[in-house]
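Here, each number is a calculation from the coordinates, and none is a lab measurement. Keep in mind it's a predicted model, so treat the numbers as computed, not measured. Glycine gets a Cβ as well: all are built from the backbone with ideal geometry, and neighbour counts include every protein chain shown.
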Amino acid sequence: MKINFSFISIYFLKKFIFLFLISISVINLPVNGNQCYSCSGLCHNEKCNCQMGSCESDYCYIERRPVDIPGIFRITKGCVKKPSRTQAGCDYDTLPDHIYCVCSGHFCNEAVHMKQMVRKNVTCRKCTEKDPNCDNVCVGHWCHEDSLTGVSGCGYGPPSLPYFYKGPHLLFHRNRICVTIARGPLAKPRKHCICNSNMCNDFMRTYHLTYNYNTQNIKSKFQNGQVSRSLFNNYPLYQCVLCEVTSHEPKMTSNCKQNRCIGNFCTYGIHRVISHDGNALSGTVQRITERQGCINVTDHSQIQLGCHDKYTSVEQKIACACASDLCNIDVVIANVTLAKYYFSYFSIILLIIIYLIK
C-alpha cells in the first residue's frame, strides 16, 4: 500500500492551525489602555463640562442624568471595561433625559455629542402600579414592565435589560424578552420584560394569557420562585450563591453566602463608593455593596458573560454573569468562567469538524 505523506501532513497542518486559532480566541490578550477623563459635576446648561482627573481603560464613557432639582443635570466621566453597549457613540439610556456615551481613544469622553437617529416609535402602557383600569400611555422606542411592582412604561435608545448586551439586536429575532432576577435571600424574584410592539407591556393582558395557558401540573412544578417559570426554557440550570451585604470593610463576610438559588446564569455585582470624611483616620470612607444571585431568561443569545466594569476615581460598579455552579462566589471566578463557557462550545464544534474531515 502506498502512503500519501503529503496528504497526511496537510491534514494535520489544518488541524494544528484550527487548534491554534481556537486557543488564541479564548485567551484574554492584553489591550493597550486609553486615557479617559474621570470627573463628576453638576450642569446648569447643555454645554457644561468637567475635565479634572483621569483613568486608564480600553473604553471611556460619559453620562448625563437629571437630579432632583429641575433643570439641573449631573455629568459623569470615567472608564469602562467590557461595555454592554454594542454600538459606540452617544444615545439615550432608557429614559429620554438620560444620555450615555461610550468611545475608544485618548480622552474621547470630552463632551456629549448626540447624533440624529431615526427609530420606529411604539405606544406603550405607562402605569406605576398593578391597576387594570390604568389607561395611561406613552410613545417611545420600546416598552418595559416589571411583573412584581406592575411598573410599566416606555424605553428610549437601544433596548436595555439587566445582564444583556444593550443594542438593536436584543429585540431583532423576537419582539419580547424577559429575565427573572433573584437578589438576596429576603427579596422576592423580579421579572423584567421588554418588547417592541404597540401595547406589548399590558401587564393584565399578559397575565391572563399566561394564566389560561398554564396547567395545574406546570404551576406545581415551578412553585419555587428562584427557578425559571418559562414554558419553553430548556437552558441548563446552575446552583448560585444568593446574598446581599453592605459593609465599610474591604473584606466582607456574611452568613448569607451560604444561601443558594437555581438559575440559567449566576450573577455577581459590587458597588464601591469612596467619600472623603475628616473624622475618619484615613481621611476616606469606603462603602461596599455586594450582590450575588441568579437569573432565568427566555433567550440567552445576547447575555453578556463575564464582568462589565465601570469606574471613576471615587466610584466603581461591576456587574457579572457566569454559567457554572457557584461561579458567582467572587468577581475573579465570575470573570474567569467566561473563557470556560465558550471553550465548551468550541470543543463541541471542534469535535464535529474533526469527525466530518476524517
Problem set entry | Tensor-based shape of segment 34-118 (alpha-carbon gyration tensor, a/c under 1.5 rounded, otherwise prolate or oblate) | oblate
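With a ≥ b ≥ c taken as the square roots of the eigenvalues of the C-alpha gyration tensor of segment 60-187, please select rounded if a/c is under 1.5 and otherwise prolate if a/b is larger than b/c or oblate if it is not?
Details: a/c = 1.60, a/b = 1.53, b/c = 1.04.
Taking the square roots of the gyration eigenvalues as a ≥ b ≥ c, segment 60-187 is prolate.
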Exercise. Can you list residues whose amide H is under 5 Å from residue 95's amide H, if they're 5+ apart or on another chain and H is modeled 1.01 Å from N?
Worked result: 156
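Sort 67-74, 150-157 for me by packing, meaning the mean count of neighbouring Cβ atoms within 10 Å per residue, highest on top. Could you put the intermediate results ahead of the total?
Values: 67-74: 10.9, 150-157: 21.0.
Top of the packing list down: 150-157, 67-74.
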Exercise. Points 7 angstrom from Cα along the Cβ direction at residue 68 and residue 286: gap in nanometres?
Worked result: 2.9 nm
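State whether segment 61-102 is rounded, prolate or oblate according to the following rule on the C-alpha gyration tensor (a ≥ b ≥ c being the square roots of its eigenvalues): a/c under 1.5 gives rounded; otherwise a/b larger than b/c gives prolate, and the remaining case gives oblate.
Numbers: a/c = 3.06, a/b = 1.81, b/c = 1.69.
It comes out prolate by the Cα gyration axes.
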For this session: Kindly state, to the nearest 0.05, the FRET efficiency for residue 148 paired with residue 301, given R0 = 25 Å and r defined as their beta-carbon distance.
Result: 0.50
